[in-house]
Every structure is written in C-alpha cells, then in structure tokens.
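Trainee: Dropping a structure here in structure tokens format, bear with me for questions.
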Amino acid sequence: MLDLNPITPLGATTPQQEQYEGLTIGEVFDRAMVSISSRHGRNQDLMSRVSEKLDLKLPGVSEFTVNGDFGAFWTASDQWMFDAPHDAKSCLAVKIKEIVGDAASVTDQTDGWCRFRLSGPQSVEIFQFLCTVDVSALVQGQVVKTLIEHTGCFVLCREEVFEYEIIGPVSVASDVLHALQASARTLSSVRKAQ
Amino acid sequence: MTQLNRLNGGLISRGSPLNFTFDGKEYAGYQGDTLASALLANGVRLMGRSFKYHRPRGVIASGSEEPNALVELRTRGRQEPNTRATVTELFGGLSARSQNRFPSLKHDFMAINDRLSNFLSAGFYYKTFMWPAPLWEKLYEPIIRKAAGLGSVSLDPDPDTYEHGYLHCDLLIVGSGPAGLAAALTAARAGARVVLAEEDFEMGGRLIAESSSFVNQSGAEWVAGVLEELGALPNVRLMKRATVHGAYDHGTYGVVERVADHLAEPPAGTPRQIHWRIYARKAVLCAGATERPIAFENNDRPGIMLAGAVRAYVNRWAAAPAQTVAVFTNNDDGHRTAKDLLAKDVNVSAVIDVRHDAPDVDGAELFKGAQVVDSTGKLGLESVKLRLSNGEIRTIDCGALAVSGGWNPNVHLTCHQRGRPIWDDEIAAFVPDTKLPVGLSVAGAANGVFSTAAALKTGMKTAKKALLDLDIQAPTVALPEAEDSAMNLKPFWFVKEGRGRAWLDYQNDVTVKDVRLAHQEGYKSPEHLKRYTTLGMATDQGKTANVLGLAVMSEMTGASIPETGTTIFRPPYTPIALGTLAGSTTGRHLAPTRKTPSHVWAQELGAEFVEAGNWLRARWFKKPGEKTWQETVNREVTTVRSRVGLCDVSTLGKIDVQGTDAAEFLNKVYANAFAKLPVGKTRYGLMLREDGIVYDDGTAARLAEDHFVVTTTTANAVLVYRNMEFARQCLWPELDVQLISTTEAWAQYAVAGPRSRDLLRKIVDAEFDISNEAFPFMACGEITVCGGFKARLFRISFSGELAYEIAVPRRYGDALIRALMAAGEEFGVAPYGTEALDVLRIEKGHAIGNELNGTTTALNLGLGKMVNRKKDCIGQVLSTREELADPEGLRLVGFKPVNRTDKIVGGAHLMNKDEPTDIKNDQGYITSAGFSATLGHSIAIGFLKNGSGRIGELVRAVNPLQESEIEVEVVSAHFVDPEGDRLRA
C-alpha cells in the first residue's frame, strides 16, 4: 500500500516558525476547515442543528465563536467557515454534513487556505505594514476580511493581548509569509531608526 | 573651515560637527542644521540657477515652500535632483551639487538666456515653435528638453527600499506649531488616539524659529516639555519628518515619512521612506502659514530672503544670511526680524517699511513709507536702492534683504476636495473655505490666526470640538502666557517703479511683466494665467507666488483679488518620490505568485516555469541531452501519444456548486444543457457573455443530485466565479444554489496516454473499478487512492488520448505526483508542461484563450449546436444576432503548410491565393500554431471565412510584420484521432 505524505502550504514537511523581537510568526497546519452555506430558507434549521449537535451558536457578521477545539467564523451572508483539528483519515466535511444534513451545503476548505498565527506584543503593530485593518480596535472573537500582499485574507483576533491569525489562499502562502517577514523586519528597523 | 556667518545660540548640536560638500567644496556644519542653514553659516548665498533665465539664485525660505535652493543630493542610484536645501537635514558626508548650470555655478553659459529675456517671455514656446510643424519633434523639442529642466537622475537603480503603512486614529494633527501642540495636548489628555505629523525633523513649527513666543520661557523650552509629556503617552504617535501630502476621501490622509533621508544610507532592512495611509476619524490642520515676498526689480538676487526665514536661520540655526542685513516690510513682522538680528549682533543697515505709520526701531535706521526699487550684486546681493517717502533715491549696502509681505495661511489640504479658499481682508490673504474635507477642521495660522496666544487657544478649542463630535470629552489645557500682537499689515504686493523684471514665481521664472503680458493677451482667469505663464506650476506649487500673481492680475483688471479669483491646490503638498508611491510593490512583488501543488517537485526536476495569470506553471521538463526546448516538447508530446504523461492542471478554476437547484442554475449559466446530466458524469460546457460571445469553457461534473464541480480555464477562474455569483445573487435569487471556489484546495493532475489506466490502477484503491465499462469516457466519481486517501477522478481528455484527471487534497499533491511517477515508471511515464499541453490540444483542435478571444461565438468555434435553443441561458438570445449567425462567417479550421518544412506563425492573416494582401481581402487569421511531433510538421488552427466549407482549399498565411507568407492547406481542426476513438478506449 502506498502512503501519501502531506506538505505544508509553504512546501515543507513541518510548519514554519519564526521569532522576532516581541513577535512570533507560526504557520498553522493542523486545522481542518469547511465552509457551510445554508440552503434557501433553512437558516433557522441550520442554526438549531449546529447548536444542538455542536453546542455552537453560528456567529454574526465579523464574528467567530469557539467551543473547545471547534470554531466557526462568518464569511458572507448565510455562510460560515468551521474549523477543527485536522485528521488525515477522517473528513471534517463529511462529519459536518452528517450534522447539518440538507439544511446546508458543505464544502471542504481544509487545503484551500494557509494560516499564520501571530503572537507577542508586536503582533498588533505589525499589521500597520500589512493591511488597512485597525487591528488594535479588534476585540477577541472578531474577524475581518482584508487585502494582504494583494490577496484576500481573513484576520482573526483570538486574544486581544496578543494573538491573531491570518488565513489566506494557500497558493500564495509564500507571498503572505514574505509580507509578514518583511513587515516584521520593517517594524523592527523603523523602531530602531526612531 | 570657518563658518563666518555662524552666530551664538540656536538649536544645533555644536558637539556634533558634520562635514559635507557642496559643488565639491568641503564645508562644516552641525547636527541640527539643514543644508541651507549650513551653507548660509559658511557664507554661501549662491545655491543654484533659475529654471529659464539661469539667474543666480540663493535660498529664500526656511521650509518646504522654498522655490529657489534646489540641489542634487548624493550620487549614483541614490542621486536625487530638485531637493530643497531648506528641508535637507545635514548629515556627515552629505554630497550636494547645484544644478541647471554649465560649467559651474558661478560661470554658467546658459546665463545668456538672461540677456535674451525679451525673447523668452511667457508663452514664447507657443509662439516661437509653431512652425514649421515637422521641426517640433525633431529639432525644437529635443533642444528645449535639453535646455529646460533642473537636476538630473543617474539612471542607476535605486538601491533603497520603500514601504507602505496604515494607521488609524481619533485625531490626526497636521503640524506641530503652537496650534498643533495645543491640539495634541488636549486630545492626548482626553485619552484619544492621536497622531501628530510634522514635516520638519524637529517638532515645534514657528515656536523653535522665534525668539519671543512666550512671556516666561522660550518656545523651544515649552515645546520640549510638551513633547516629553506626549512621548510618554501610549495613545499618542509623534511623527516627525512626516509630510501630510493629501486629504482624501472619508478621512483618509496620505503621509510620507522620511525614515532615513537624514542618514548617508538607510541601515540594513530600513526603508528609506514610508508612505502612510492614515484613517482619521477627525483631523485638525495646523499647518501654519507661508510668508510672501514683495516683488520689486531684481528681487531674486541671492541674499534676498523672506523675513520669517531670516528669523528662523538666526534663532534656530544660528546662521546669519550675511554680515549686514536690511529689512523690507509692510507689517510688524519685519520689525521682529530686525529685532532678532540686532539681538544676535548682526548689523541691520536699514528697515524699509512701506507704511508711513510704521513703529520705531531701536538699533537700525528706519525708512517709513519707503520702497525698495532695485538691487545690485552679480552673484549675490550687494545693495538695495530705495525710493524714500520724499521721492529721494537712496542706496543701502547689505548682503541680505529680509522681505515680509505678509503671510498666507497654508490652506492646501482644505482644497484637496474642491474647497475654494475665501479672501480675508483683515489679513489680506486667503483662508480656508467653510466647506472642508469631511472631518477636517483648521486651527492657528492655517486659519488666519497669527499670534502665538491665539494659535494655542484655537488649537485647543478646535481639538476639543472635534473630539466632542466623537463623544470624547477633552479637558481644558492650561496654556502658557504667549505673545498676542497684531501684524498691522498694509497690503502691498509689488513695487510699481522700474522697467526691469520683478519676480513673482522664482522657480518658474515668472515675473510681473509676464502676468501683465498674460492680461494683455486675454489670459485673465487665474487658471489661464497659470497655464500661460506657468505661475505656480513648479515643484513648490507657487506657495510663495500665487497670491502675488493674483494681486498683479487684480491690479491689471481693476478687480479685487477675490474677484479675480484663485486657483486651488491639489495633492501632493510637496513632491513625492515615485519609489515611495510604489512602496514594496515592485519587481516580483508587483503581484502575488501562485504556486501549484507540484511546484517543489517540478523545481527538483529542473522544470522551466511560465507565468499563467499569477500562477507559475511548468513549461517543460528538459532531460539531459536535449539541446532545445522544441526537442523536449516533442518528446513530451510523443510520450503522451504513445505511453503516458502527467501534467499539473490544478490551476484550472474549480467551483463547488451545491443546492437543490444546482442543476437548473448550471442550465442557465451554460449555453448547453446540464439539467439532465446524470450523477457520475461530466460534461463539457460553454459560457457566453450577455452579448452572445463565448467567454469561457470547461466542464461540470455531477457528484450528487445537488452537487456539481465546475471547472474553468485558469485565466478566467475569478471571472467565471464572479459572474456566477452575480447570477446567483441578482439574476436568479429564487434558486437554492450555493457557490464556493475550491481552486486552491485540490491538487489535480492530468494522466494522459494509452497507458494512463494501467498507471492509475496502481494508485486508485482496488475497490474502485476504473475499467472502460465501469468508468467510461466523461465519468467522474469520488474515490480513494493510496490506501484510503480521498480523491476525485474525472475521465476527461484535453489531449485527445485516453486520459483522466485525478484530484487529491492539496497537501497530498506533492506526494501524489511522486507516487504517480513511481507507479508509471514501468509504462514509460513522463511529466509534460504547458508547451506540450498546447501542442496536444492544437493537434486535437481544442480551443483555449487564443480562440476564446472575446470576439468569437460558439458558431465560429464550430460549436454552434451547443447553444441550446430550447432553454433560457445567458447570451443565448443575442447570439442569434444576424451578424453573429452568418452562415458564411468565420469558422475554426486547421491548417497545414503546403511545403511541410514551412512554419505557420500564430497571428498570421489568411488571404486568398490570387488576391492582394489587404484588409479588404482578409479571410481570417491563425489563432494557435505549433510543431506537431505526431505529424512531423507545423500545424495551426484559426478562423477562416466559411472555413468548414473550404476544406482542401489552399490559402496564404501572411505575416506582414515579418514580411513573410506561406501557402497553407485548409484542413479539419482535428489533426489527430478525429473520430475520438482513443479517448474512449
């Protein structure tokens, strides 16, 4: 029997981890994601199934909710992204579909995205070189979509002090990381120059 | 190196001496100097030559309004022309050069222009070079270009980096003079998020240039205390060397921060400049005011300066402009200059005041009601000629003349959204319109409030009001006791005496005479005046010149200045380097680079990559011994036709379409029918624009009754998704359908060739039967591979061979391609790139972007029957337009060269054999061409009028661009296996 070894969005076998003064950039590669879109007129039905089976309230605009290892954030009207720990042999999309049934359309998004976690006191400041979002005004549980390195990305505020996640298209993972690295270096050098 | 005009005091660091060069000569200055202050301290008044007349010029101002002292800084890639010496912070080793002169600043050959000034008046270009017209491009323009302009660029690449940044605040304060600092203190103590931006390298504005702003302390002392408090607050961001260059929509401001311009070169990793976009809920403009000169004959000699600038040089930089200075004024501010000069023991030879009731001056001779009517001095001012109130002429020796004609509020940012300044008689200047950019208010001198006390007060009040609008209560700040004197200005714009030239716009060499000429020739509107004379069009945007120009025009028309009108200011406030606007978006970071799942593997194989949209795709995989890319591509094509090849097709767009109405939805967006496509089947489809033109093709695979996967071309993935979303949300919102792009999520490979099934049987888990019977052509299904990994299999073929596309979650894409290569070794597997892919599809007559070029219909493509007339779909109705449905119209056919060694060129136009080569006889064109390894000669497909009815005919493929033509035979577009037996095998 053949086996398939996964690689990260950056093309490596292990996630990237980088340390800067007051900032850690860590690639996240252990989460599965599925998008859920409610079928016509089935919003309430979907909400009750999710609430009953997952003990999760579907988040409103610009919000994400977490229940243990399980999380969900709003992506568009009647549309959410769910995430949970990744299991190579067990498909999250199948599990979710079993829960939501015909109340929603479910699409596996696990490998469509790359994800970087920013932590440390400089994790707010770095955004001033990344995107137009006023990250310091975000509160825990907020998510926004923005452009980073020409690319549509989600920014999640996990902890106001200080943990954020950037979720971007997987094919441009190298460019998103480049933007993070360049911004971290700029932040550090500008501080020194001042 | 003696700094002969260096005075005592000032805010320079005498413990940090700096050496620099100007025109190759070494000078000394101090930390805290500007290039201009250091040159003045060294007795250098001559700093440049004027734009048109090459007149000797020196510094006039002390800030960014400087029109004259433009220099070239640094060398090679860092060489920067037209830099104002007044805002160039001195650093050790600075190399500056004067510009617009040859061979030297003192001896400039082009100074002959000054003698020819009668011929070079305003509008001389338009009048002189009108005829003969052909000479403009060949003779006139090159000569004028060579003669005009100021500095030069090195053409070496700029070694520095630039960055973009984004900030958010409650209150942006533009300028750090008394109003700005009072506003900042008020907002900061209220806990608001404050950004204070100052274009200078020191905060304080006029407070650090004046000697008597406060009663009990110096301006510098108060500024230092305020900055200490502000600097300690986490809610305040102090940005010096930061110019707010524009007020844009919705409270957005553009700011250029010069991070490393004050250093010889930026430290490693440090951007030279950052372009900030600041999102401010409210903003207060505290940009101060710009002093204006009084025009008189020969008022442009080095040494003639603005009086406020002279005070700044003396007080802040401890640099006297000359050993002996005279003052020419129409207000009390000029007297302040005389006082400060005297306090520094500089000889003031005269104070010439146009007012008959001017206040007395201690320590200098005062001429009330007098005017300066002329000046002398070859390369610098030596004396001024006065007309006294009694008519007598008097000559006064002086090396510098400090001129004050009053102050113009810096209203620039208030105009950036079409605000038009309004005239204030009290100060004889334009003040901001009441219609300001949203969220912006104005305080201090920028609003026409000139005393320090009033500026402080309005700064605080304006900030409080702005914050109140944000529901932030700000405390009242205790302000220090400050000077509160009136300027007592008597409007006086230019001296009417004399027949020579009196300059208004120093940078563009516009004189009073030029404005008179403009009036004489009918260019009376300020907009016409500006364009006819170039008044206010230089890099300084006429900061010191515009109002004077209007005053002269007003004199000519007999109307008042406000009746004459004004021009408004556009961004940027000061010039911005193009590199700063670009930021880090240069070179390979101009756009994102999308990498395929097999990228690392392809790199290991030494693949040559090509950009397809933003994707990098393998173009071919060269093997050792292959000398040309054609050799490699031929091998790859042959491998697919005879054995099995692998190609990464992950870049094709993939859209997940789900919902109870998914089939009906696809039936509407595709031209052909999809409603009855069985589960487990794939169908090729065409998408039309509303006007009936084909814009994309692809497949839709039905994985379940309510679940399809649509594929699109690589180039149109986003467009198709966007159009489908539009259709879903706006055209048929009643349909229950949900769309999600999954392009990125899957690694998808084409496995093509007669041995493809054999290969896949080693990969696909045994429980899935992929025999021809169980999994026929156009089948699709969800399977597992390699022992349980989920995958999708589609039996579709772009090459025309027995072929599949297999998809796995992207993370396993690298492993799968390696597994496929290993499993296929016994079948002679080889990877193939986009070039071979192209040849394979041309051999099969399949269309891509070359054929779906935005002008072609399904009928043109030979796919007319695919547009189903029994159902409604986008583009169906308009595709029946008479011209589009022409039975004799263009049809996609194939072409073979009659002489098989000839090469058909893509883009060649088709002409009948015996007709001339012209548009009238054009029969069509070649869209795609390549060398067919299968057939052993060049082949092509293209559009030919009535093409399908002309099979076997010979036509000419002409290529006028390369002056070649060949004879080609019209054939079927299906060169290989026209019956499709192979792909169904």
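The values are calculated or read from the model by the stated rules, or taken from the named source; none is laboratory data. Not measured: the values here are computed from a predicted model. Note that we place each Cβ from the backbone using ideal geometry, even for glycine, and neighbour counts take in every protein chain shown. All accessible areas refer to the heavy atoms of the entire protein, side chains included, with ligands and DNA or RNA removed. Shrake-Rupley method; radii C 1.70, N 1.55, O 1.52, S 1.80 Å.
Trainee: How high is the relative contact order of chain B, in percent, counting Cα pairs under 8 Å that sit 6 or more residues apart?
Mentor: Details: 2396 pairs, mean separation 87.0, N = 985.
Reported relative contact order: 9 percent.
Trainee: Just for the Cα atoms in the protein assembly as shown, what are the lengths along the principal axes, largest first, rounded to whole Å?
Mentor: Largest to smallest, the principal-axis extents are 116, 80, 55 Å.
Trainee: Spelling out what I want: for every residue of the range B:130-136, take phi, set θ = phi - 60°, compute 6.51 cos²θ - 1.76 cosθ + 1.60 (Karplus), and round to whole Hz; glycine and proline get x.
Mentor: Taking θ as phi minus 60°, the curve returns 6, 9, x, 3, x, 6, 4 Hz for the range B:130-136.
Trainee: Please give the Cα centre distance for the range B:392-463 versus the range B:305-331, rounded to the nearest Å.
Mentor: Between the Cα centres of the range B:392-463 and the range B:305-331 lies a distance of 20 Å.
Trainee: Compute the FRET efficiency between B:Asn946 and B:Ser642 as 1/(1 + (r/R0)^6), taking r as their Cβ-Cβ distance and R0 = 41 Å, and round to the nearest 0.05. Write down the numbers at each step before the final one.
Mentor: Working: r = 36 Å, r/R0 = 0.89.
Approximately 0.65, to the nearest 0.05.
Trainee: Using a 1.4 Å probe and counting only protein heavy atoms, how much accessible surface gets buried when B and A come together, both sides summed, in Å² to the nearest 100? If you can, show how the numbers build up before the last one.
Mentor: Values: alone 41140 and 10320 Å², together 46980 Å².
Interface area, both chains combined: 4500 Å², rounded to the nearest 100.
Trainee: Could you please state how large a percent of the accessible area of chain B is carbon and sulfur, counting protein chains only and using a 1.4 Å probe? Intermediate results must be reported in sequence, preceding the final value.
Mentor: Details: 20320 of 38990 Å².
Roughly 52 percent of what the probe reaches on chain B is carbon or sulfur.
Trainee: In addition: Between B:Phe124 and B:Asn912, what is 0.36 nm times their sequence separation minus the Cα-Cα distance? Round to one decimal in nm. Could you put the intermediate results ahead of the total?
Mentor: Values: separation 788, 0.36 × 788 = 283.68 nm, distance 5.60 nm.
This chain segment gains 278.1 nm when fully extended.
Trainee: Ranked by accessible surface with a 1.4 Å probe, highest first, in what order do B:Trp620, B:Trp615 come? Could you put the intermediate results ahead of the total?
Mentor: Numbers: B:Trp620 30, B:Trp615 10 Å².
From most accessible down to least: B:Trp620, B:Trp615.
Trainee: Another question, then. Could you check how much of the accessible area of the range A:150-194 is carbon and sulfur, as a whole percent, using a 1.4 Å probe? Walk me through the numbers before you get to the answer.
Mentor: Details: 660 of 1450 Å².
Accessible surface attributable to carbon and sulfur in the range A:150-194 totals 46 percent.
Trainee: Hydropathy at least 0.0 by Kyte-Doolittle, axial extent at least 24 angstrom from the Cα trace: which helices of chain B, defined as entire DSSP H runs, fit? Walk me through the numbers before you get to the answer.
Mentor: Working: long enough: B:452-469 (26 Å, 0.04).
Result, helices passing both filters: B:452-469.
Trainee: Name the most mobile residue of A:Thr146, A:Thr13, A:Thr65, meaning the one with the largest mean-square fluctuation, in a Gaussian network model of chain A with Cα contacts below 10 Å.
Mentor: In the Gaussian network model the winner is A:Thr13.
Trainee: I would also like to ask the following. Please quote Rg/Rh for the range A:40-194 to two decimal places, taking the Kirkwood radius as Rh and restricting both calculations to Cα atoms. Provide the component values of the computation, followed by the final result.
Mentor: Working: Rg = 17.1 Å, Rh = 16.8 Å.
Answer for the range A:40-194: 1.02.
Trainee: Based on C-alpha coordinates, I'd like the Rg and Dmax of the range B:150-246, in Å.
Mentor: Both quantities, over Cα of the range B:150-246: 16.5, 54 Å.
Trainee: Sticking with this one: Given B:Ala429, B:Pro409, B:Thr458, which one lies farthest toward the positive end of the charge dipole of the range B:398-479, if we put +1 on the Cβ of every Lys and Arg and -1 on the Cβ of every Asp and Glu?
Mentor: After comparing all options, I get B:Thr458.
Trainee: Expressed as a rounded percentage, what relative contact order does chain A have, with Cα pairs under 8 Å and six or more residues apart?
Mentor: Numbers: 359 pairs, mean separation 43.0, N = 194.
Once divided by the residue count of chain A, the mean separation gives 22 percent.
Trainee: Using Cα-Cα distances under 8 Å and only pairs 6 or more residues apart, what relative contact order does the range B:657-803 have, in percent? Show your work: numbers first, answer last.
Mentor: Values: 224 pairs, mean separation 32.6, N = 147.
In percent, rounded to a whole number, it is 22.
Trainee: Got a sec? What order do A:Lys95, B:Lys378 fall in by accessible area at 1.4 Å, biggest, i.e. largest, first?
Mentor: Numbers: A:Lys95 105, B:Lys378 155 Å².
Largest to smallest exposure gives the sequence B:Lys378, A:Lys95.
Trainee: Kindly tabulate the residues in the range A:138-176 with an accessible-area decrease of at least 20 Å² between the chain alone and the assembly of all protein chains, using a probe of 1.4 Å.
Mentor: At a threshold of 20 Å² (probe 1.4 Å), the residues of the range A:138-176 that become less exposed are A:Glu149, A:His150, A:Val170, A:Ser171, A:Val172, A:Ser174, A:Asp175.
Trainee: Continuing with the same structure: Between A:Glu52 and B:His262, what is the FRET efficiency for a Förster distance of 60 Å, r being their Cβ-Cβ separation, to the nearest 0.05?
Mentor: Numbers: r = 64 Å, r/R0 = 1.07.
Given R0 = 60 Å and the Cβ-Cβ separation, E is 0.40.
Trainee: Still on this structure, I have one more. Please work out the Cα center distance from the range B:704-732 to the range B:226-273, rounded to the nearest Å.
Mentor: The two parts, judged by their Cα centres, are 45 Å apart.
Trainee: Considering every pair of different Cα atoms, what Kirkwood radius, in Å, is found for the range B:613-698?
Mentor: Details: mean 1/r = 0.0602 Å⁻¹.
With all distinct Cα pairs of the range B:613-698 included, I get 16.6 Å.
Trainee: Under 26 Å between alpha carbons, and skipping anything fewer than 8 positions from B:Lys106 in its own chain: which lysines qualify?
Mentor: B:Lys25, B:Lys52, B:Lys146, B:Lys378, B:Lys385
Trainee: Just the C-alpha atoms of the range B:700-798: what Rg/Rh do they give, with Rh taken as the Kirkwood radius? Intermediate results must be reported in sequence, preceding the final value.
Mentor: Numbers: Rg = 16.0 Å, Rh = 15.6 Å.
Result for the range B:700-798 is an Rg/Rh of 1.03.
Trainee: Then there is this: First select every other residue whose beta carbon is under 13 angstrom from the beta carbon of A:Thr8; then total the charges, Lys and Arg +1, Asp and Glu -1. Walk me through the intermediate numbers first.
Mentor: Numbers: positive: A:Arg31, A:Arg115, B:Lys595, B:Arg810, B:Arg811; negative: A:Glu27, A:Asp30, A:Asp111, B:Asp814.
Net of charged neighbours comes to +1.
Trainee: Where the eigenvalues come from the Cα gyration tensor of chain B, what are the semi-axes √(5λ) of the equivalent ellipsoid, largest first, in whole Å?
Mentor: Working: eigenvalues 1077, 221, 147 Å².
One finds semi-axes of 73, 33, 27 Å for chain B.
Trainee: Evaluate Rg over Rh across the range B:69-202, taking Cα atoms for both radii and Kirkwood's formula for Rh. Walk me through the numbers before you get to the answer.
Mentor: Values: Rg = 22.9 Å, Rh = 19.8 Å.
Radius of gyration over Kirkwood radius for the range B:69-202 works out to 1.15.
Trainee: Still on this structure, please answer the following. Amide H neighbours of B:Glu291 under 5 Å, counting only residues 5+ apart in sequence or on other chains, H built in-plane at 1.01 Å?
Mentor: When sequence neighbours closer than 5 places are left aside, the close amide H contacts are B:Asn408.
Trainee: Can you list the residues of the range A:1-24 whose accessible area drops by at least 20 Å² going from the chain on its own to the full set of protein chains, with a 1.4 Å probe?
Mentor: The answer is A:Met1, A:Leu2, A:Leu4, A:Asn5, A:Pro6, A:Ile7, A:Gly11.
Trainee: Give me the Å³ per residue figure for the convex hull around the C-alpha atoms of the range B:484-640.
Mentor: In the range B:484-640, the Cα hull volume divided by residue count equals 276 Å³.
Trainee: Using Cα centres only, tell me the gap between the range B:341-364 and the range B:1-15 in whole Å.
Mentor: Taking the Cα centre of the range B:1-15 as reference, the centre of the range B:341-364 is 24 Å away.
Trainee: With each pseudo-label sitting 7 Å past Cα toward Cβ, what's the B:Glu137-B:Leu379 distance in nm, one decimal?
Mentor: Modelled inter-label distance: 4.4 nm.
Trainee: What distance in nm lies between label points placed 7 Å from Cα along the C-beta direction at B:Ala582 and B:Glu690?
Mentor: Output for this residue pair reads 3.9 nm.
Trainee: So which lysines pass the test for B:Lys668, namely a Cα distance under 23 Å, with those fewer than 8 places away in the same chain ruled out?
Mentor: Cross-link targets: B:Lys654, B:Lys676, B:Lys681, B:Lys865, B:Lys870, B:Lys871.
Trainee: Follow-up question, since we're still on this one. Which entries in the list B:Lys461/B:Lys490; A:Lys57/A:Lys97; B:Lys339/B:Lys368 go over 25 Å, if you measure between the two C-alpha atoms of each? Please report the intermediate quantities before stating the final value.
Mentor: On the way: B:Lys461/B:Lys490 29 Å; A:Lys57/A:Lys97 17 Å; B:Lys339/B:Lys368 17 Å.
Pairs exceeding the cut-off: B:Lys461/B:Lys490.
Trainee: Further question on the same structure: Residues of the range B:191-234 with backbone nitrogen within less than 20 Å of a virtual label 7 Å along the Cα-to-Cβ line of B:Asp471, please, listed as ranges.
Mentor: Residues passing the 20 Å test: B:191-194.
Trainee: Give the Cα extents of the range B:802-871 along the principal axes, in whole Å, largest first.
Mentor: Dimensions of the range B:802-871 along the principal axes of its Cα atoms: 47, 28, 22 Å.
Trainee: Then there's this: Using amide H atoms built in the peptide plane, which far-off residues or other-chain residues are under 5 Å from B:Lys681 H to H?
Mentor: Close amide H contacts, sequence-distant or interchain: B:Arg702, B:Cys780.
Trainee: For chain B, what is the accessible area per residue in Å², given a 1.4 Å probe and the full set of protein chains? Write down the numbers at each step before the final one.
Mentor: Numbers: 38990 Å² over 985 residues.
Roughly 40 Å² per residue, with all protein chains present.
Trainee: Under 25 °C and 0.890 mPa s, how fast does the range B:561-675 diffuse according to Stokes-Einstein, given a Kirkwood radius computed over C-alpha pairs? Answer in µm²/s, whole number. Let's see the in-between values first.
Mentor: Numbers: Rh = 20.2 Å.
Calculated translational D: 121 µm²/s.
Trainee: Assuming R0 = 45 Å, what is the FRET efficiency of B:Ser154 and B:Glu967, from their Cβ-Cβ distance, to the nearest 0.05?
Mentor: Values: r = 53 Å, r/R0 = 1.19.
Efficiency at R0 = 45 Å is approximately 0.25.
Trainee: Work out, step by step, the length gained on full extension between B:Ala591 and B:Arg722: first 0.36 nm times the residue separation, then minus their alpha carbon distance; give nm to one decimal.
Mentor: Working: separation 131, 0.36 × 131 = 47.16 nm, distance 2.00 nm.
Length gained, B:Ala591 through B:Arg722: 45.2 nm.
Trainee: Let me ask you something else. So what is log10(I(q)/I(0)) for the range B:431-576 at q = 0.12 1/Å, when the Debye sum runs over its Cα atoms only?
Mentor: -0.67
Trainee: Count, for each residue of B:803-816, the Cβ atoms from other chains sitting within 10 Å of its Cβ, then give me the mean as a whole number.
Mentor: Numbers: counts 0, 0, 0, 0, 0, 2, 9, 9, 12, 7, 4, 6, 6, 2.
Partner Cβ neighbours, averaged per residue: 4.
Trainee: Tell me, what is a quarter of the convex hull surface for the C-alpha atoms of the range B:19-130, in nm² with one decimal? Write out the running numbers ahead of the final one.
Mentor: Numbers: hull surface 32.9 nm².
That works out to 8.2 nm², a quarter of the Cα hull's surface.
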